[in-house]
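Undergrad: One structure is given below, represented as structure tokens, and several questions about it will come after.
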Amino acid sequence: MRFGAFLAPFHDPRENPTLALERDLDVIVAMDRLGFDEVWVGEHHSTGWEYIASPEIFLAVAAERTRHIRLGTGAVSLTYHHPLMVADRIVLLDHLTRGRINFGVGPGGHLSDAAMLGIPAAEIRDRMEQNLEAILHLLTSTEPLTASGPGWEMHDAVLQLRPYQRPHPPLAIPSLESPFGMALAGRVGAAPLSLFFGVSDLPAQWAITEDAAARAGRTASRDDWRIVVPVHLAETREQAVEEIRSGAGEWMFEYVQALTGRPAPVPGPKHMAVEQMIEAGSWVVGTPDDLIEFIRGLEDRTGGFGTFLAWGHEWAGPEATLRSLDLFARFVMPQFQGSLEGLQASGDVARAKAAGLHQQRVAGVEAARQRNAGDQRGT
């Protein structure tokens, strides 16, 4: 199994945004050092809580500060952009990072973004799908493309710089509420990213992807499926809950409900949101053992998936957030990566032989003493 994080990212609008962006970069640098496989960064233009307007620019900076971790746009809101410009930017980033880019696309995370641009909410998914078709042609073919869509035209368009990764950076499509993302992922061969809130029927979501892939003559691979779950870890459950109690409650009721218009999935009050979401099975807030148990249960419920992504947030302070990632990498990831098997096998062999080897050790020491005593008598 692979591991990573899906970052909106969310920030308290009362805090210094410049410093918040710097903390986001610090988190990605820490994840790179800790051996996480990938991180995804979103695109948003309103609400005051999520203000990375261009994941491509942000990830270009992150790429210069990291060495190994794959960097994903999670997601570029295709509805808002000219397809040629998106394709060109992603290919450039693909080259600059020497192939560390994943290309996540979506219709747009906030209807308030679309409203500012005068795009009707009912049109965002159709526009996104139309733009994606044009982008995939540009990424995979040098056949000049003449096409048009709402607000854009192309005449004999060709990407002069071809993708560094072939045929193009790995494509992914997040899915939260509607079946649209899961179905489109299956149809175009993209990796689906299921954002999990507990009430999500994950097996049904995967069935949508499989069915859409089959109808398109493809075979969907569970290894490509990513599941995104809010996670915060500490040495004890009580500590983990208290570290995020205030921030998570504010996020649930002041952001999700008040700003995006989605009803909070729990009744509240704010200071009880964490316990209520844990009880609902929607968030993992506790110890590494709690997360290990949750992931194993998720494997059983879903039939298997390839990557587990922590839904990034800033509900706790910077130190607690980094400590949570450290606990995740040290104690959770190895349980699913096979990296402990050799250590455990070696320990089992040594344990089975310990008593016999100790007897040999005692006999060897006694023999050395007798030999030393004999040498002394000889002198």
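The values are calculated or read from the model by the stated rules, or taken from the named source; none is laboratory data. Predicted, not measured: the structure shown is a model, and the values here were computed from it. Virtual Cβ from ideal backbone geometry, glycine too; neighbours counted across all protein chains shown.
Undergrad: Say whether the condition of being within 24 Å of Glu43 (Cα to Cα), in the same structural domain as Ala87 (by TED's automatic domain parsing) and of a type in the set (Lys, Arg) is met by at least one residue in region 221-232.
TA: Yes.
Undergrad: Of the residues Leu291, Leu325, Leu340, only one is in contact with a helix residue (DSSP H, G or I) (Cβ under 8 Å, 6 or more places away or on another chain), modelled with pLDDT under 95 and not acidic (Asp, Glu); which?
TA: Checking each option against the conditions leaves just Leu340.
Undergrad: When only residues in region 39-83 that are closer than 17 Å to Pro192 by Cα and over 16 Å from the mean Cα position of the chain (by Cα) count, which is surrounded by the most Cβ atoms within 10 Å (Cβ to Cβ)?
TA: Out of the qualifying residues, it is Ser77.
Undergrad: Anything in region 134-145 that is free of Cβ contacts under 8 Å to residues at least 40 places away in the same chain and either loosely packed, with under 14 Cβ neighbours inside 10 Å or assigned to a helix (DSSP H, G or I) (or both)? List them, or say none.
TA: Once the filter is applied, which keeps residues that are free of Cβ contacts under 8 Å to residues at least 40 places away in the same chain and either loosely packed, with under 14 Cβ neighbours inside 10 Å or assigned to a helix (DSSP H, G or I) (or both), region 134-145 yields His137, Thr140, Ser141, Thr142, Glu143, Pro144.
Residue-wise test of (1) assigned to a helix (DSSP H, G or I); (2) within 22 Å of the chain's Cα centre (by Cα).
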position: Ile90; (1), (2): yes, yes
position: Asp94; (1), (2): yes, yes
position: Gly99; (1), (2): no, yes
position: Ala114; (1), (2): yes, no
position: Gly118; (1), (2): no, no
position: Gln130; (1), (2): yes, no
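Undergrad: Scanning for something out of contact with any Lys or Arg (no Cβ under 7 Å at 6 or more places or on another chain), hydroxyl-bearing (Ser, Thr, Tyr), more than 22 Å from Val41 (Cβ to Cβ) and in the same structural domain as Asp88 (by TED's automatic domain parsing), does region 144-164 turn up at least one residue?
TA: yes
Undergrad: Determine the pairs where a residue that is assigned by TED's automatic domain parsing to the domain that holds Gln337, located within region 297-311, has a partner that is part of a loop (DSSP other than H, G, I, E, B) with Cβ atoms under 6 Å apart, the partner being 6 or more residues away or on another chain.
TA: That search, which allows pairs on different chains as well, returns Phe305/Trp225; Gly306/Trp225.
Undergrad: Then there is this: Looking only at region 175-188, how many residues end up being crowded, with 17+ Cβ neighbours inside 10 Å and either in contact with a strand residue (DSSP E or B) (Cβ under 6 Å, 6 or more places away or on another chain) or part of a loop (DSSP other than H, G, I, E, B) (or both)?
TA: Within region 175-188, residues that are crowded, with 17+ Cβ neighbours inside 10 Å and either in contact with a strand residue (DSSP E or B) (Cβ under 6 Å, 6 or more places away or on another chain) or part of a loop (DSSP other than H, G, I, E, B) (or both) number 5.
Residues are listed down the side, and each one gets a yes or a no for (1) small (Gly, Ala, Ser); (2) at pLDDT below 95:
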residue: Lys270; (1), (2): no, yes
residue: Gly303; (1), (2): yes, no
residue: Thr321; (1), (2): no, no
residue: Ser346; (1), (2): yes, no
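Undergrad: So if I check each of Glu242, Glu279, which one is at pLDDT 95 or above and either among the acidic types (Asp, Glu) or outside the structural domain of His110 (by TED's automatic domain parsing) (or both)?
TA: That would be Glu242, the only listed residue that is at pLDDT 95 or above and either among the acidic types (Asp, Glu) or outside the structural domain of His110 (by TED's automatic domain parsing) (or both).
Undergrad: Answer yes or no as to whether Asp224 is among the acidic types (Asp, Glu), surrounded by fewer than 23 Cβ atoms within 10 Å (Cβ to Cβ) and within 17 Å of Thr307 (Cβ to Cβ).
TA: Here the answer is yes, as Asp224 does meet what is asked.
Undergrad: I've got another one for you. Considering only region 244-354, give the helices (runs of 4 or more DSSP H) lying wholly within it that have at least 1 residues that are surrounded by 15 or more Cβ atoms within 10 Å (Cβ to Cβ) and of a type in the set (Gly, Ala, Ser).
TA: Because the criterion is at least 1 residues that are surrounded by 15 or more Cβ atoms within 10 Å (Cβ to Cβ) and of a type in the set (Gly, Ala, Ser), the helices (runs of 4 or more DSSP H) in region 244-354 that meet it are 273-279, 318-327.
Undergrad: Let me ask something else. Within region 27-38, track down each residue that is part of a loop (DSSP other than H, G, I, E, B) and surrounded by 23 or more Cβ atoms within 10 Å (Cβ to Cβ).
TA: Phe36
Undergrad: Turning to a different aspect of this structure: Just checking, does region 362-370 include any residue being surrounded by 10 or more Cβ atoms within 10 Å (Cβ to Cβ), acidic (Asp, Glu) and under 30 Å from Asp37 (Cα atoms)?
TA: Within region 362-370, not a single residue is surrounded by 10 or more Cβ atoms within 10 Å (Cβ to Cβ), acidic (Asp, Glu) and under 30 Å from Asp37 (Cα atoms).
Undergrad: Please specify each residue of region 189-214 satisfying the condition of being among the acidic types (Asp, Glu) and in a loop (DSSP other than H, G, I, E, B).
TA: Asp201
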